[in-house]
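Participant: Questions regarding the structure given below will be posed in turn.
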Amino acid sequence: MANPAISTPLDVHLTKHPDSNRAIFFSSPQLTQLFPRRKPLTISCSSSKSPPKSESEKPKSLSEQLKPLTATTLSDSSSDNQTHLLSKPKSTWVNPSRPKRSVLSLQRQKKSSHSHNPQLRDLRRFAQKLNSSQDESEDAFMAALEEIPHPPSRENALLILNSLKPWQKTLLFFNWVKTQNSFPMETIFYNVTMKSLRFGRQFQVIEELAHEMISNGVELDNITYSTIITSAKRCKLFDKAVDWFEKMYTTGVMPDEVTYSAILDVYAQLGKVEEVLSLYERGRASGWKPDAITYAVLGKMFGEAGDFDGIRYVLQEMRSLGVQPNVVVYNTLLEAMGKAGKPGLARSLFEELIESGLTPNEKTLTALVKIYGKARWARDALELWDRMRSNSWPMDFILYNTLLNMCADLGLEEEAEKLFAEMKRSENSRPDSWSYTAMLNIYGSGGNVEKAMETFDEMSERGVQLNVMGTTCLIQCLGKAKRFDDIGRVFNVAVEKGVKPDDRLCGCLLSVVSLCENVDDENKVLSCLQQANPKLDDLVKLLQEEKPSFEAIKDEFRSVISNTAVESRRPFCNCLIDICRNGGRHERAHELLYLGTLYGLYPGLHNKTANEWSLDVRSLSVGAAQTALEEWMGTLYRIVQRKEELPELFSAQTGAGSHKFAQGMANSFASHVKKLAAPFRQCEDKAGFFVATREDLVSWVQSKAPSVVTV
DNA sequence: GTAGGGTTAG
């Protein structure tokens, strides 16, 4: 029976794009030729058709105009009004003789400038007093209001309203001013109050105020609408944000660029890329020259989608319009490059930022450090680190922690220790739970069990909260050192401190089970697993029994796997296979590999072309890889015997392991190949790549008894 | 937090 949870697609091969392109965007038009054009978007604009005269003269509401764009979208490619948005941004769909109706006002709403208030200091101080009052009750606040130093004139009231927080106090003051009846409540009072409510994520109250404005005939302006829209956005009420955006058109208020880019961000966060682009294009066609913030919104959207072509498009648009990115835009685009897997282009973009005379901030550097760490670009990471110090670029504790994580990614233990000590000495960047976790990760993956345990003890002494990732790193490290008693202790401390075991921790316990050499140790670890995930523990015990039928295993396996986070499913299966092999249950290991394959945990394990069949075991554990090799050799043996057609070349890939601490998968695989006397040879120029020719394979089959290769 | 839009960590 198909289990929907099991058929969830797995992201198996985290394809890396090891680009090292140093081309700089704003100065290299050739770069555009290196990449394929983005798939053109098609758009059907009902409003761009030539409508009958009478209808074209009738003003169409902007909401109506936008509808085909935002709601019915852009899929109707049969329309002859289709436009290739991205490949031809300034295309012919705007008929100059009949200019399209504007979708936004090119003039940004002006803010009133307030004149100097001689009572400013008094009023500020009074507002501070209201803010800092310990008694949060309404009565206390109302009593404190009695002491207002000057009468609440329009200007005075506005000044106080602007300085109040949190939102409860702002709202109380706003309502109090209303009861004073000294002057009519204008839009600006609502706007200021709504802003405070937005900090408190009080969308419902904001909406009530908006309705009050409507019923009292107070004008809602662009500032009101943009505040409402961004409040809804912050509360993830995207439907509400869109509703209010449409409401402004129907009530005849034209958005300016601030409101417009706010709504672009709403659609961007909804992942509605095509809608964002059509709105963007409509704005452009109205004569809008977007500012850097708009491009930050677009850049982030493409980054979230991992859409490198889209990021490139953003850069091209900015360049062609002469919009100079600011640091925030660069930061967003750097993040986006990271998510699109383009470390080389991120590096170029960073150099461009420097050349443009901007100074990177903490977020810039955090983004880049993270990218270099994940790409395992040690040289670039260390070079960047040097530059950070020599230029005294700003640091904060997130950047410190990101640097520590980078050290973990690159296996830079000494550098991490220096950094960690520096954090301890610092004023504002004391090591927190993240920092300690990074250290546990570094010591754990480096196999430095003594220091990992010292770190663990230090955390207890300093009252730093242990989290599930730290626990996992520690247990993994203790497992490799075969310190099974300590595993039980660490596990119990973690649970006592409120750590909730997740699937990664269970996978880690499972991998430790596979390292145990006797039943005593195994039971120590299994008792942890029993607490963390009883069903998984049951499955391990079932696999160790003599009797269970394949059907029984299949049922239990499916039940466990379907309740497991997608990214932990393959690791679970790998460990279960290892446990079976270690216990001498090879047949059961083959059954598990079969089940894993059946449930889609090993896509891409086998690849066939006319000339080459290959086995890719890079995402398997050592035991699972051996099982897969045996299985494959058995299959090939039978195919040779049946004299079926074979390709010229056979290959197996173990990967060379770019990580400093990566297990020697290639070595184990090589020795297993030798044990089977299989005809695979590791390529001298390509580590982790094994090949055999058809001739090798056929002569090997002819020289072997079936029992050698079949399990 | 100068009435409104955009950016940092397993």
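Bear in mind that the values in this text are calculations on the coordinates, not laboratory data. All values reported here derive from a predicted model rather than from experimental measurement. Methodologically, a virtual Cβ is constructed for each residue, glycine included, from the backbone with ideal geometry; neighbour enumeration extends over all protein chains shown.
Participant: I'd like the distance between the alpha-carbon centres of segment A:200-223 and segment A:327-380, rounded to an integer number of Å.
Facilitator: Here the two parts' Cα centres lie 41 Å apart.
Participant: Could you state the principal axis extents of the C-alpha atoms in segment A:605-704, from the largest down, to the nearest angstrom?
Facilitator: Result, largest extent first: 44, 26, 22 Å.
Participant: In debye to the nearest 20, how big a dipole does segment A:501-601 give about its Cα centre with +1 on each Lys and Arg Cβ and -1 on each Asp and Glu Cβ? Could you put the intermediate results ahead of the total?
Facilitator: Working: 12 positive and 17 negative charges, 53 e Å.
So the dipole magnitude of segment A:501-601 works out to roughly 260 debye.
Participant: Once you place label points 7 Å from the Cα toward the Cβ at residue A:597 and residue A:119, how far apart are they in nm?
Facilitator: 8.4
Participant: If I model a spin label as a point 7 Å beyond the Cα along the Cα-Cβ vector, how far apart are those points for residue A:386 and residue A:677 in nm?
Facilitator: Taking the simple label geometry, residue A:386 and residue A:677 are separated by 5.5 nm.
Participant: Show me the ranking of peptides A:689-701, A:325-337 by mean Cβ neighbours inside 10 Å, starting with the highest. Present the calculation step by step, with values, prior to reporting the outcome.
Facilitator: Details: A:689-701: 17.2, A:325-337: 23.9.
Sorting A:689-701, A:325-337 by mean packing, highest first, produces A:325-337, A:689-701.
Participant: Just to check I understand the Karplus step: with θ = phi - 60° and J = 6.51 cos²θ - 1.76 cosθ + 1.60, what whole-Hz values come out for segment A:688-697, glycine and proline as x?
Facilitator: Karplus-based 3J(HN,Hα) across segment A:688-697 equals x, 10, 10, 10, 9, 8, 4, 4, 3, 5 Hz.
Participant: Once the piece of chain linking residue A:565 and residue A:549 is laid out straight, how much longer is it, given 0.36 nm per residue of separation minus the C-alpha distance between them? Intermediate values should be presented prior to the final figure.
Facilitator: On the way: separation 16, 0.36 × 16 = 5.76 nm, distance 2.63 nm.
Roughly 3.1 nm would be gained on extension.
Participant: Once Lys and Arg get +1 and Asp and Glu get -1 on their Cβ, which of A:279, A:211, A:148 lies farthest toward the positive end of the dipole of segment A:137-289?
Facilitator: Value computed over the given set: A:279.
Participant: A further question follows. Enumerate the amide H contacts of residue A:680 below 5 Å, restricted to partners 5 or more residues apart or on another chain; note that Pro and chain-start residues carry no placed amide H.
Facilitator: The answer is none.
Participant: Next question, about the same structure. Provide the packing ranking of A:627-636, A:137-146, i.e. peptides ordered by the mean count of other C-beta atoms within 10 Å per residue, highest first.
Facilitator: So the order, starting with the most tightly packed, is A:627-636, A:137-146.
Participant: Given segment A:470-566 reduced to its alpha-carbon atoms as identical point scatterers, what log10 I(q)/I(0) does the Debye formula return at q = 0.12, 0.14, 0.16, 0.25 Å⁻¹?
Facilitator: -0.38, -0.51, -0.66, -1.33
Participant: Follow-up question, since we're still on this one. Tell me, how many Å apart are the Cα centres for segment A:114-184 and for segment A:603-640?
Facilitator: Computed from Cα coordinates, the inter-centre distance equals 74 Å.
Participant: Let me know the whole percent of all Cα-Cα pairs from segment A:137-289 that are separated by more than 22 Å.
Facilitator: 45
Participant: Placing +1 at every Lys and Arg Cβ and -1 at every Asp and Glu Cβ, with all other atoms neutral, what dipole size does segment A:605-704 have around its Cα centre, in debye to the nearest 20?
Facilitator: Once rounded to the nearest 20, the dipole reads 260 debye.
Participant: Take the Cα pairs of segment A:279-322, get the Kirkwood Rh, then feed it into Stokes-Einstein at 37 °C and 0.692 mPa s and tell me D in µm²/s. Could you put the intermediate results ahead of the total?
Facilitator: Details: Rh = 10.7 Å.
The estimated diffusion coefficient comes to 308 µm²/s.
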